Amino acid sequence: MKKLLVAGVALAVFAMGSPASAADLSPLTSPAPIAGAAPIINWSGFYAGGHVGAGWGDSDWHFTPAFNTFTSHTMGPSFIGGGQVGWNHQSGGWVFGLEADVSWPGGLNGSSTCPDTSFTCRTQVNLLATGTARVGLAVDRSLMYVKGGVAWAQDAFNTFNTLSGVADRTGSASPFGWVVGAGLEQALTDKWSWKIEYNYINLNPTGIALTLVSNTSDVQTFDVRQSIQTVKLGLNYRFN
């Protein structure tokens, strides 16, 4: 009887201790790692890239002194493409920078009836360039920014005889003005980013001389004011 009692106690002790022993003998497992947040991009440094987009605008002509009259026409919409270079400096979440870009419109032009209704007045923008300062706020991999600065264009002007369809007068100009804009840039990697951007360009009134094709000594003058809007989708590479 005494042997049975001892055996029962031993069995009970073994049964109570076996779960703990099994747990002690099981392989040690470390907790699953927690996925870390994507690294914050440093926007500082030089960058360069390209862009494509669309442009449209208005051209207002004021003839002087022969005609104290106006004519206006819309231009575009037109495809534009070009490139940009710039530099950024990041301080905390703020990003300050400078940027220069050049765009070649594919068909940013328009026409309307001249004050002399026998002719059509036509404007064509061949080149757009801007130099701007940028201020932005970086949030993780995104950069929201505004920009402003100077703008320049290369224009061609013509009047056409509506009866013959032949150019009657021609002229050109390179007016300066100002530009404001805003955009969003998104980092793809620590080097590459894409952006979408809107710009409003206002070109100051410029005195234009329209020369008669058949007699270059016959010149007619007018003032022109242009406003141009662009939307660009761009890709940048950072050299930091």
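The values are calculated or read from the model by the stated rules, or taken from the named source; none is laboratory data. Note that the coordinates shown come from a computational prediction; the quantities given were computed from them, not determined experimentally. Every residue, glycine as well, gets a Cβ built from its backbone with ideal geometry; the counts of neighbours run over all protein chains shown.
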Number of the exception - residue 189 against (1) without any contact (Cβ under 8 Å) to a residue 12 or more places away in the chain; (2) farther than 27 Å from residue 176 by Cα; (3) in a strand (DSSP E or B)
(3)
In region 187-213, the residues that are surrounded by 16 or more Cβ atoms within 10 Å (Cβ to Cβ) and more than 30 Å from residue 159 (Cα to Cα)
187, 193, 195, 197
Lone qualifier among 129, 100, 138 - being within 15 Å of the chain's Cα centre (by Cα) and within 16 Å of residue 195 (Cβ to Cβ):
100
Residues within region 208-240 that are among the polar types (S, T, N, Q) and either modelled with pLDDT of 95 or more or under 34 Å from the mean Cα position of the chain (by Cα) (or both), tallied:
6
Per-region count, region 41-58, residues modelled with pLDDT under 95 and either small (Gly, Ala, Ser) or part of a strand (DSSP E or B) (or both)
0
Among the candidates 178, 104, 194, single out the residue that is touching a residue at least 40 places away in the same chain (Cβ under 8 Å) and aromatic (Phe, Trp, Tyr).
194
Considering only region 173-180, I want to know if a residue exists there that is at pLDDT below 95 and touching a Lys or Arg at 6+ places or on another chain (Cβ under 7 Å).
no
Tell me yes or no: at least one residue of region 153-160 is more than 16 Å from residue 110 (Cα to Cα) and touching a residue at least 40 places away in the same chain (Cβ under 8 Å).
no
